[in-house]
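Encoded as structure tokens, the structure appears first; notes follow it.
The values are calculated or read from the model by the stated rules, or taken from the named source; none is laboratory data. Not measured: the values here are computed from a predicted model. Cβ coordinates were reconstructed from backbone atoms using ideal geometry, including for glycine residues, and neighbour counts include every protein chain displayed.
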Amino acid sequence: MKKDYFHSCLQDRLQYAQEFARDYTIYLQSVEFSKKTESEFYKNNRILFMLNKILNLPTNTLKLIKVLKSKFILRKCLNEIEVIKRELKNYE
């Protein structure tokens, strides 16, 4: 009985982790797309680009930290998915 319940919990956790990883991957792809869009926008006006980067330095730093944290969380989630898959394989 306990084995079946734990197996069910692992399957639920695996499904949740896979959805979480998919959502974070989509988020990181949208961040990369925004970077490309910004570089295209400022392509012809480097002075405006530099002025914008200097004025928004604190905000850009926080955004960078947020993206780095997101990448770390995604790697951690992908590792968790692998561990759960191994555990499920052991139970079968």
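Some notes on this structure:
- E32 being farther than 30 Å from V83 by Cα, in a helix (DSSP H, G or I) and among the acidic types (D, E): no
- If the condition is being loosely packed, with under 11 Cβ neighbours inside 10 Å, more than 28 Å from I73 (Cβ to Cβ) and not charged (D, E, K, R), then the stretch 20-52 contributes N44, I47.
- Test: residue in the stretch 17-25 that is assigned to a helix (DSSP H, G or I), in contact with a Ser or Thr (Cβ under 8 Å, 6 or more places away or on another chain) and touching a residue at least 24 places away in the same chain (Cβ under 8 Å): yes
Residue by residue, here is whether (1) hydroxyl-bearing (S, T, Y); (2) under 27 Å from Y5 (Cα atoms) holds:
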position: A17; (1), (2): no, yes
position: L28; (1), (2): no, no
position: V31; (1), (2): no, no
position: S34; (1), (2): yes, no
position: M50; (1), (2): no, no
position: K53; (1), (2): no, no
position: T61; (1), (2): yes, no
position: L64; (1), (2): no, no
position: R86; (1), (2): no, yes
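- Here the stretch 23-77 is the region considered, the condition is being touching a Leu at 6+ places or on another chain (Cβ under 9 Å) and among the polar types (S, T, N, Q), and the residue that is farthest from R13 (Cα to Cα) is S70.
- Flag: K66 does not match the condition of being of a type outside the set (A, V, I, L, M) and exposed (fewer than 10 other Cβ atoms within 10 Å of the Cβ).
- Considering (1) surrounded by 13 or more Cβ atoms within 10 Å (Cβ to Cβ); (2) among the basic types (K, R); (3) within 30 Å of Q11 (Cβ to Cβ), the lone condition that R86 does not fulfil carries the number (1).
- Selection status of F72, of a type in the set (A, V, I, L, M, F, W, C), modelled with pLDDT of 95 or more and in a helix (DSSP H, G or I): yes
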